[in-house]
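Novice: Here's a structure for you.
The values are calculated or read from the model by the stated rules, or taken from the named source; none is laboratory data. Keep in mind that what you see is a predicted model, and the values were worked out from it rather than measured. Cβ: placed from backbone, ideal geometry, glycine included. Neighbour counts: every protein chain shown.
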Amino acid sequence: MKQKDFEVIIIGGSYSGLSASMSLGRSLRQVLVIDSGLPCNRQTPHSHNFITQDGEKPAVISAKAKLQVDLYKTVHFYNDLAVKAIKKGNGFEVSTESGEVFISRKILFASGVKDLLPEIRGFADCWGISVLHCPYCHGYEVKNEKTAIIANGEMAFEYAKLISNWTKDLRLCTNGKSALTLEQTEILQKKGISIFEEEIDSFEHNDGYVSNIVFKNQEKVEVKAIYARPPFEQHCSLPIDLGCDVNEQGLLKVDAMQKTNIPGIYASGDCTTQMRSVAIAVSTGSFAGAVINKDLIDEDF
Ligand SMILES: Cc1cc2nc3c(=O)[nH]c(=O)nc-3n(C[C@H](O)[C@H](O)[C@H](O)COP(=O)(O)OP(=O)(O)OC[C@H]3O[C@@H](n4cnc5c(N)ncnc54)[C@H](O)[C@@H]3O)c2cc1C
């Protein structure tokens, strides 16, 4: 890639990064979008709850977005992994795995998070297909179906309460000794939600569509859908290397303008929020793009 010097480098070219790049391209800004091509929803067959694209394949949504952004000639794309970022003069220098070095005045991290899937056999195969993270994205498609929640403690109680909106055919697997209070256990049992404490061995499934949860004692429970919220980490550690603060959940801390605590560094999308959805990634990316443009105008006018 010939051009090395940009006004803005966006690390992450999925929904949030693409949305920001559209705001910036329409603001005539020289932008480089560096993307390693691993969005978190890549295994999901259909994405829901984003108007105009409800039920579309996740990769089709981003491909359409990229085609539209590509019309803005000041926006450039580079498929690579950003591996180093340092403060340099009034801006930043970003190096990629293939050895390219780019500079910019501002950086936007739209780099998402990486879900750390548990070692349960079959979990990774079913992730995003029948093992679901969010009822707003996928609950409608499995409404009233035999469903399990894998969670424990306070989070399990709240999750069970939430999911009972979509199905009453619900069981809770704590995958080890229950940490629910007696009161929570009684409430769940009154609602007909049975609790399984046995550790989980594996999921039986057909191409990611789960049919049974198999416990370590070989007992099985038939289900059509499973909800789980695995832990996650930042997909890209560069903002942390640059000194950006994270909150207790490991998300980048941003203010209402999508600015991190480090001047010149902004963040949007999943790397900043627990409200993980394409709509929110697009919205915060679009806003971050406008804020960065305004900051550049204020500096130069
Ligand atoms: C299984 C699953 C199913 C989902 N289903 C839905 C749904 O149906 N509807 C919905 O609205 N939401 C859904 N979501 C949530 C939605 O996918 C996310 O909110 C959305 O993808 C966030 O967009 P993002 O751009 O912030 O991050 P991502 O889409 O995760 O993209 C981050 C991008 O940054 C790149 N990147 C990271 N680090 C680097 C680096 N160092 N250098 C270069 N590139 C880098 C990655 O490769 C990736 O392309 C789902 C999520 C999951 C996990």
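Novice: Mind checking which residues of the range 107-148 are aliphatic (A, V, I, L, M) and over 15 Å from Ala228 (Cα atoms)? So that I can check it myself, show each step before the final result.
Specialist: Kept after step one, since they are aliphatic (A, V, I, L, M), are these residues of the range 107-148: 107-108, 110, 113, 116-117, 120, 124, 129, 131-132, 142, 148.
Of everything in the range 107-148, those that are aliphatic (A, V, I, L, M) and over 15 Å from Ala228 (Cα atoms) turn out to be Ile107, Leu108, Ala110, Val113.
Novice: For residues that are within 22 Å of Thr74 (Cα to Cα), under 20 Å from the mean Cα position of the chain (by Cα) and not small (Gly, Ala, Ser), tally how many sit in the range 250-301.
Specialist: Residues meeting the conditions: 5.
Novice: Taking the residues in the range 1-48 that are part of a strand (DSSP E or B) and not hydrophobic (A, V, I, L, M, F, W, C) as candidates, determine which candidate is surrounded by the fewest Cβ atoms within 10 Å (Cβ to Cβ). Don't jump to the end; show me each part of the working.
Specialist: Initially, the range 1-48 is screened for residues part of a strand (DSSP E or B), giving 5-11, 31-35, 47.
Checking which are not hydrophobic (A, V, I, L, M, F, W, C) leaves us with 5, 7, 35, 47.
Numbers: Asp5: 11, Glu7: 20, Asp35: 23, Ser47: 23.
Per the stated criteria, the residue is Asp5.
Novice: Now for a separate question. Out of all the residues in the range 218-237, which are outside any loop (DSSP other than H, G, I, E, B) and surrounded by fewer than 21 Cβ atoms within 10 Å (Cβ to Cβ)?
Specialist: Our first condition is that a residue be outside any loop (DSSP other than H, G, I, E, B); within the range 218-237, this holds for 220-222, 225-228, 232-234.
Answer for the range 218-237, where residues must be outside any loop (DSSP other than H, G, I, E, B) and surrounded by fewer than 21 Cβ atoms within 10 Å (Cβ to Cβ): Lys220, Val221, Glu222, Glu233.
Novice: Being touching a Ser or Thr at 6+ places or on another chain (Cβ under 8 Å), within 30 Å of Leu296 (Cβ to Cβ), hydroxyl-bearing (Ser, Thr, Tyr) and outside any strand (DSSP E or B) is the requirement here; does Ser62 meet it? Give the derivation first.
Specialist: Values: touching a Ser or Thr at 6+ places or on another chain (Cβ under 8 Å): yes; within 30 Å of Leu296 (Cβ to Cβ): yes; hydroxyl-bearing (Ser, Thr, Tyr): yes; outside any strand (DSSP E or B): yes.
Taking the combined requirement at face value, the residue satisfies it.
Novice: On to the next question. Restricting the range 38-83 to residues that are in contact with a strand residue (DSSP E or B) (Cβ under 8 Å, 6 or more places away or on another chain), of a type outside the set (A, V, I, L, M, F, W, C) and more than 10 Å from the ligand (Cβ to nearest atom), which is farthest from Ser130 (Cα to Cα)?
Specialist: Ranking the qualifying residues of the range 38-83, first place goes to Thr74.
Novice: Is there a residue in the range 257-265 that is assigned to a strand (DSSP E or B) and surrounded by 14 or more Cβ atoms within 10 Å (Cβ to Cβ)?
Specialist: Going residue by residue through the range 257-265, those that are assigned to a strand (DSSP E or B) are 259, 265.
Retained after the next criterion (residues that are surrounded by 14 or more Cβ atoms within 10 Å (Cβ to Cβ)): 259, 265.
The answer is yes; a qualifying residue exists.
Residue-wise test of (1) among the aliphatic types (A, V, I, L, M); (2) over 25 Å from Ser14 (Cβ atoms); (3) modelled with pLDDT of 95 or more; (4) surrounded by 13 or more Cβ atoms within 10 Å (Cβ to Cβ).
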{"residue": "Asn175", "(1), (2), (3), (4)": "no, yes, yes, yes"}
{"residue": "Glu197", "(1), (2), (3), (4)": "no, yes, yes, yes"}
{"residue": "Asn206", "(1), (2), (3), (4)": "no, yes, yes, no"}
{"residue": "Ile213", "(1), (2), (3), (4)": "yes, yes, yes, yes"}
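Novice: Which residue out of Ser277, Ser268 is surrounded by fewer than 23 Cβ atoms within 10 Å (Cβ to Cβ) and of a type in the set (Gly, Ala, Ser)? Can you show your working first?
Specialist: Values: Ser268 fails: surrounded by fewer than 23 Cβ atoms within 10 Å (Cβ to Cβ).
So the residue among Ser277, Ser268 that is surrounded by fewer than 23 Cβ atoms within 10 Å (Cβ to Cβ) and of a type in the set (Gly, Ala, Ser) is Ser277.
Novice: Something else: For Thr185, all conditions in the list (1) part of a strand (DSSP E or B); (2) away from the ligand (no atom under 16 Å from the Cβ) hold save one; what is the number of the exception?
Specialist: The failed condition is (1).
Novice: Which of the residues that make up the range 139-166 are more than 18 Å from Leu117 (Cα to Cα), free of Cβ contacts under 8 Å to residues at least 40 places away in the same chain and outside any helix (DSSP H, G or I)?
Specialist: Passing the criteria: Gly139, Lys143, Asn144, Ser164, Asn165, Trp166.
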